[in-house]
């Protein structure tokens, strides 16, 4: 058996064990099913959506749910189901990219603070504490207001607002690992600090990062919906669930379905991601393994 085969087989066995443990959690499997379904909708939105999301027909305005329009139509006669399906693409894009921004910057600051400690640690983490003292939604609103509305500005605002959370998590993991024997061995053979952090420490921090990222996608989608609801996120006619809620609130007394269906899309997505995140936490936490 070659030197590369054994680690690969061990890694595959570990993934199979994680999958077996995850399958025993029905809520996590429900969350995974919904997430896979959303990804499918996002990828195939142009094919499976019954109408164009921007297609207007004022004659069909405010139609209640029917066979022709399962979720009804809005004030411009646009099919709400088609807009929700296309909105899944926007929401997942925002959630994933915003979390990616948070992981990159939070991982950098957290790893540097945890590895070097001392004044560097104090300087970085006091800055993170200042940001953590501001509610993330308010920080996102402030950043989005300064950058202006739009998809990319919203992703940056959401990503920056949640960076301190990832910095603290990764710093804690690095602190627990930097004194381990494999890190001391890497130092003894002359490995650079960058190599030690990237090659030896961060790969061992993946479990908490994966769990927090899964939960963070849910938080990012909810924050993005809030920004769009108040006009600082996605602008019409691009379909986004928060913006659809904002557009339908004016007609909520007479046409409640205009807000019910986008609200359900947000609720089910957040619930599914939280279920999946909790299941991954239970599976990946060594303290919970039997």
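The values are calculated or read from the model by the stated rules, or taken from the named source; none is laboratory data. Keep in mind that this is a model prediction, so the values were computed, not measured. Every residue, glycine among them, receives a Cβ derived from its backbone with ideal geometry; neighbour counts consider all protein chains shown.
Would you mind stating whether residue 127 is surrounded by 13 or more Cβ atoms within 10 Å (Cβ to Cβ) and without any contact (Cβ under 8 Å) to a residue 60 or more places away in the chain?
yes
Taking residue 146 as meeting all but one of (1) in contact with a helix residue (DSSP H, G or I) (Cβ under 8 Å, 6 or more places away or on another chain); (2) surrounded by fewer than 18 Cβ atoms within 10 Å (Cβ to Cβ), write down the number of the exception.
Unmet condition: (1).
So which residues in segment 79-110 are crowded, with 24+ Cβ neighbours inside 10 Å and over 30 Å from residue 257 (Cα atoms), if there are any at all?
99, 102, 106, 110
Right, residue 167: modelled with pLDDT of 90 or more, part of a helix (DSSP H, G or I), closer than 22 Å to residue 122 by Cβ and in contact with a helix residue (DSSP H, G or I) (Cβ under 6 Å, 6 or more places away or on another chain) or not?
Yes, satisfied.
Can you tell me which residue among 48, 18, 97 is at pLDDT below 90 and touching a helix residue (DSSP H, G or I) at 6+ places or on another chain (Cβ under 7 Å)?
18
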